[in-house]
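Any read-out appearing in this document is the output of simple, stated calculations on the displayed coordinates, not a laboratory observation. All values derive from a computational prediction rather than experimental measurement. Every residue, glycine among them, receives a Cβ derived from its backbone with ideal geometry; neighbour counts consider all protein chains shown.
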Amino acid sequence: MPATIPVNSVNYSAPQRQLGLRLLRLREQRGYSQADLARALGLSPSYLNQIERNKRPLTPAVQKKLGEVLGDVSILFDDNEPAALQESLGETLRDLGLADVSATELRALAGNLPQVSRALLDLHRRHLALREHAAALEFQLGEPGVGSTLPAGDQVREFFNRMHNHIPELDELAEQLFAEWGLAPGHVAPRLRQLLADRHGVLVEVAALQAGREKRQYDAGSRTLWLPDYLEPGQQAFQMAVELALRGYLPQIDAVIARAGFSDDARIAQARIGLSNYFAGALVMPYMRFLRASEVSSYDIELLAHQFGVGFEAVCHRLSTLARRSAPGLPFFFIRVDRAGNVSKRHSATDFHFSQVGGSCPLWIVYEAFNQPGRILTQTARMPDGRRHFWLARQVSSGPVGHGRPRKTFAVALGCDLQHADRLVYSLGLDVQSPGNSVSIGPGCRVCPREDCMQRAFTQLPGR
């Protein structure tokens, strides 16, 4: 006897069970026309048509009859596969910036059109593969234009890379304002708070973290810039400097954006964020003062952080921007990663850039920093083309304090060509010039030619 599903085991409420397209697909798989199945079920063709269009519910009586005619119809009520499809579809749409598609719509798509859903997922996978290949070609050819389809944030990053992470007009403006406002290194926040109030009518309030206020937030009604209380004074000063940049110096920022050639809203918005942050760093750590302090201290990052009242990461980032033609600092490259290998910051004062694809190299010292929090680790590394670099890395964390409160954790790395290593305090006592002390690393498996590497995770992309 054909299998059926107990009628008391399923909820057939029409709003909850959108089964019409599943029934249509099952009917076609079993070789029935709509008229033939309606006749076998004792229904009118128009009634069955309404069921298949989700205009009428699939009642227990009709379901029982379906079991008698078609045999096993459990696939109509199998929610396991649609649930997995729904989750994958949701992740894909969020990745494409379409997070406003409701769970109900996703459930209907996955449940009623699973083959279409799988096709969409396959198209997205192909899209990611093509993006990866395009980025690899960009890395290979050294032509930023090849990656013109990259997301807005990546294109803004490429602009900074083309500028060697140095925006001279904003650096000079910040240095001028530092002197004009009578600021002192490490003690910038009180004066910036006063400037926001006096010039822009904006109050700055520091408060404990509240729901919806995990980051800096501006309340237009009360003209208040809210900052979380876990920020150090230097971090507070940085956020105030960002606000001052956007309120008082947007024409200068937009002039840089126009020169970069960004014209669409997404890239303009991303560029404004990046450039206002650049201005803030340049104001809190003014160029010549910071450069002199760096050279006197042999680029002692923790000492510089203490002198300018900022964090370890902020100093590393600022060191990668010191490319003024008349007074250059050491040409550093700076990168920030999380434990999963995601690169959230990548800046360079030189033409050296790690691959944007294939992940980073697991042999690189930056990942060991997660295993030794609080320590500054060093490494002499050799790239596949023979170039050698000196790297230092450390884990950094930020966020609210207290038991059970989540914090963001990254590892940051600062590197330079090996010829400059002896100018860094971190090379003291190390035989960095010895070839035997170099670790062979690469730019990421997808674009790395080291075929004999024991850590290779992916094959090299074709054409390399």
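Of all beta bridges DSSP finds with both residues in region 151-311, what is the antiparallel percent, to the nearest 5?
Numbers: 3 of 8 bridges.
Around 40 percent of the beta bridges assigned by DSSP in region 151-311 are antiparallel ones.
Residue-wise, which Karplus ³J(HN,Hα) couplings in Hz belong to region 198-208, taking 6.51 cos²θ - 1.76 cosθ + 1.60, θ = phi - 60°, and x for glycine or proline?
Calculated HN-Hα couplings, in order: 6, 8, 10, x, 9, 8, 10, 10, 10, 9, 5 Hz.
In whole Hz, what ³J(HN,Hα) sequence does region 158-169 give by Karplus (6.51, -1.76, 1.60; θ = phi - 60°), x for Gly and Pro?
5, 4, 4, 5, 5, 8, 6, 6, 9, 10, x, 5
Give me the dipole magnitude in Debye, nearest 20, for region 330-464 about the Cα centre, with unit charges on the beta carbon: positive for Lys and Arg, negative for Asp and Glu. Spell out each step's value before the answer.
Numbers: 17 positive and 9 negative charges, 114 e Å.
In total the dipole reaches around 540 debye.
How large is ³J(HN,Hα), in whole Hz, for each residue of region 30-40 in order, when computed from phi with the Karplus curve 6.51 cos²θ - 1.76 cosθ + 1.60 and θ = phi - 60°, using x for Gly and Pro?
So the Karplus estimates, Gly and Pro as x, are 8, x, 9, 7, 4, 5, 5, 5, 4, 5, 5 Hz.
Hey, can you grab everything whose amide H is under 5 Å from the amide H of residue 202? Only 5+ residues off in sequence or another chain; H modelled, so Pro and N-termini drop out.
197
Let me know the shape class of region 379-464, please: from the alpha-carbon gyration tensor, a ≥ b ≥ c as square roots of the eigenvalues, rounded when a/c is under 1.5, otherwise prolate if a/b is greater than b/c, or oblate.
On the way: a/c = 2.94, a/b = 1.24, b/c = 2.36.
Oblate, because a/c is 1.5 or more while a/b does not exceed b/c.
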